[in-house]
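The values are calculated or read from the model by the stated rules, or taken from the named source; none is laboratory data. Computed from a predicted model, the values in this text were never measured in an experiment. With ideal geometry, Cβ positions are generated from the backbone for all residues, glycine too; neighbour counts draw on all protein chains shown. Ligands, DNA and RNA are excluded from the accessible area calculation, which covers all protein heavy atoms including side chains. Shrake-Rupley method; radii C 1.70, N 1.55, O 1.52, S 1.80 Å.
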Amino acid sequence: MTPRESDTVISAAAGTNEGNQELRSRSELTAKEVMREVGAVLRMSEADAALLAEVEADPGEDQTMIINMGPQHPSTHGVLRLMLELKGETVLRCKPIIGYLHTGMEKTGESLTFMQGGTNVTRMDYLSPLNSELVFSMATEKLLGIDGDIPERAVWIRMLLSELNRMSSHLLFMATNGMDIGAVSMMLYGWREREVVLRFFQKVTGLRMNHNFIRPGGVAADLPADWRDDVMSILDMLPDRLGEYDVLMTNQPIWRERLQGVGVITQAEAIALGATGPILRSTGLAWDLRRDMPYMHYDELEFDVIVGSYGDAFDRYAIRLNEIRESMRIVRQILDRVPRGDYRIQDKKVTPPPRARIDESMEALIHHFKIFTEGFKVPEGEVYVAIESPRGEVGCYIASDGSPTPYRMHVRAPSFVNVQALPHMMRGGLVADAVAVISSVDPVLGEVDR
Amino acid sequence: MSTEASATPATLHDCLLGDSRGQAVLFVPKQSYMSTMKKLVDDRFEMCVDLTAVDFLTHASRSLPDGIAAERFEIVVNLLSLSKRERLRVRVQVSESDPNIDSLFDLYPGTEAMEREVFDMFGISFVGHPDLTRILMPEDWQGHPLRKDYAQGRIPVQFKGAAS
């Protein structure tokens, strides 16, 4: 590297000739030099791994062993497979192998209209489907240029559902994390509480999961008349249950021993790897798109961004537990602020006519038929919209060529990027802790593989 | 594209700075891709949130700012600055005859999986990538599914023991 002019001036002024002692800028360093490429990732193709089976084991030699964890391992949250290189019980390197659930959803998205696209994206992150729908709808609306015209009621309904979905997703994390660590009864409690939230979703959207409820232009239907009572009953029930979680897990020595100091990741590593959500926040960086790059009306609400300090599995657990509490706080504020009005935009271009009109008006019937068979045309252009999902930044990149289907629809899935942090978290740890580490990343394989 | 050709087009690091629905888009030539990205790292764009590609085979007439020649592929990189709370999108034209581009691995190690995905889905190679293998499709797969000339269709599945 050639020293820059300023460096020579400084060293000349000081009269020393010890060379360039100023830190080089980040752009001139390689991943290896900044210790972000420390050999945690096992880079070996399937074919090479298969050849290893033929290598003779030599008990005298200090050998390492390559072992596959998954894809059918119960604690890999679906079909994640990890190729682990072990020395004794210590994990040296690891490679996450994904793609077992790949169904070509981005390709499928190119043949579905913007109207139908919601059914596709909602199946990506199946634990927070409403957030995926939301980001897809927001991207479509931005392309249409109607992102500022969405009725207030629709926006607040979206926020309500998004926060409830965050709660249900984190509650399921509580369940699976407990199960992975060995607190099996926790699994039942977590699923039980999540089910209460899902029952509300079922009442509102008709489905427990894969709702396709948030659509370009607003939401599919209005909230039921007594929705406030239902939400209040969830909010009344949860604090006690979360208190029980604290007794059962947070303050329990076995739980702490099992998670504290396990799967540590530094802030620099997390940023370099693009990790977002609870993983990034566990390293002490308060980064939450709801607060830092607000969308919808999050800037009008009061809530805290929960951060950890050690970047370990316990921090990630505690962050999610407390984010449930913050989401409840947000939902409480939303309850008072949902206004009356339309639940979808009255733009004839994107909104089908009301059901009652179809029976009496031929034009309405044709209009309805056209929107649902042909879809609506979206002007040429490209946008990237990102929101905070329970797992981190979920983004949607849409390139449109002016037709009713997206020319290219790409979803930036937080789990897909977060899974890359696994080798760094596991390096030097025990193979028994691998389960705790995977669990603390909380990947959803539906959106990893898409 | 709402990149109006104003009197003096905005530039950043000698690259055209456009605007798409209010979002900043930087059109970087392939030759200066790496050097521009390095400058952007020093501009405190700490995180590369997303890297993907688009195959414009059937939409070659798309509108691009003056001076940018449309190629078949386009690499789209979404950068995020945590300190400035800003986003910037970088678009690079990659030709069909030479589908290669530098890897961002040394600048943003998190692009490893994203570049593997683009390689897998579009067949664009990343020079300097540590492990350029398929990530979502099986290793022995033929073709690149997200290319526009790759048909969307069904694969006949033969179930063992099924009555024929």
- Item | Karplus-derived 3J(HN,Hα), 6.51/-1.76/1.60, for each residue of segment A:77-87, Hz, glycine and proline x | 6, x, 10, 8, 10, 10, 9, 10, 9, 10, 10
- Note to self: Kirkwood Rh of segment A:144-258, Cα pairs, one decimal, Å, is 15.8
- Query: Could you sort B:ASP131, B:ASP98 by accessible area so the largest value comes first, with the probe set to 1.4 Å?
  - Reply: B:ASP98, B:ASP131
- Item | For B:GLU86, residues with placed amide H under 5 Å, excluding near neighbours | B:SER81
- Query: Along segment B:84-92, what does the Karplus equation 6.51 cos²θ - 1.76 cosθ + 1.60 (θ = phi - 60°) give for ³J(HN,Hα), rounded to whole Hz, x for Gly and Pro?
  - Reply: 9, 6, 9, 10, 8, 10, 10, 10, 10
- Give the residue from B:HIS13, B:ILE75, B:MET114 lying farthest towards the positive end of the charge dipole for segment B:11-127; charges sit on Cβ (+1 for Lys and Arg, -1 for Asp and Glu) and the dipole is referred to the Cα centre. B:HIS13
- Rg(Cα)/(2.2 N^0.38 Å) for chain B, N = residue count: 1.19
- Under the Karplus relation 6.51 cos²θ - 1.76 cosθ + 1.60, θ = phi - 60°, what is the ordered set of whole-Hz ³J(HN,Hα) values for segment B:133-140, x standing for Gly and Pro? 10, 5, 10, 9, 8, x, 4, 9
- Task: Give, in nm to one decimal, the length gained when the segment between A:SER309 and A:ARG43 is fully stretched (0.36 nm per residue of separation minus the Cα-Cα distance).
- Result: 92.7 nm
- Pull up all non-local amide H partners of B:HIS129: gap of 5 or more, or a different chain, and H-to-H distance under 5 Å with H placed in the peptide plane. B:SER103
- Message: Hydropathy at least -1.0 by Kyte-Doolittle, axial extent at least 20 angstrom from the Cα trace: which helices of chain A, defined as entire DSSP H runs, fit?
- Response: A:129-144, A:152-181, A:184-205, A:227-245, A:313-337
- Rounded to the nearest 0.05, what FRET efficiency is calculated for A:ALA221 and B:SER125 with R0 set to 41 Å and r the Cβ-Cβ distance? 0.30
- Assuming R0 = 30 Å, can you tell me the calculated FRET efficiency for the pair A:ARG337 and A:ARG199, based on Cβ-Cβ distance, to the nearest 0.05? 0.80
- Approximate spin-label separation A:LYS348-A:GLN63, in nm, with each point projected 7 Å along Cα-to-Cβ: 7.6
- Task: Evaluate peptide B:103-116: per residue, the Cβ atoms of other protein chains within 10 Å of its Cβ; return the mean as an integer.
- Result: 6
- Taking the convex hull of the alpha-carbon atoms of the protein assembly as shown and averaging its shadow over every direction gives an area in square nanometres of 35.5
- Message: For a Förster distance of 25 Å, can you work out the FRET efficiency between the beta-carbons of A:ASP229 and A:ARG192, rounded to the nearest 0.05?
- Response: 0.80
- Note on the structure: Amide H proximity to A:ARG412 below 5 Å, modelled H, separation 5+ or other chain, gives A:GLY395, A:CYS396, A:TYR397
- Given the C-alpha centroids of segment A:212-251 and segment A:143-158, what is the distance between them in whole angstrom? 22
- Item | Gain on full stretching of the segment that runs from A:GLN72 to A:LEU52 - 0.36 nm per residue minus C-alpha separation | 5.0 nm
- Across peptide B:130-143, what mean number of C-beta atoms from other chains lies inside 10 Å of a residue's C-beta? 4
- Task: Go through segment A:76-115 and name the GluC sites (Glu not before Pro) that are in a DSSP coil and have 11 or fewer other Cβ atoms within 10 Å of their Cβ.
- Result: A:GLU89
- Note on the structure: Taking the protein assembly as shown and counting helices only, DSSP H stretches of n ≥ 4 at -39,500 (n - 2.57) each over all residues, the nearest-500 ellipticity at 222 nm comes to -11000 deg cm²/dmol
- Here, B:ASP66 and A:ILE366, labelled 7 Å along Cα→Cβ, have an inter-label distance in nm of 4.4
- Message: Under a crude label model (7 Å from the Cα following the beta-carbon direction), how far is A:ARG355 from B:GLN142 in nanometres?
- Response: 5.0
- What's the local net charge at A:GLY145, with K and R +1, D and E -1, over the other residues with C-beta under 14 Å away? -3
- Of A:PRO354, A:PRO71, A:PRO379, which is the most mobile in a GNM of chain A whose springs link Cα atoms less than 10 angstrom apart? A:PRO354
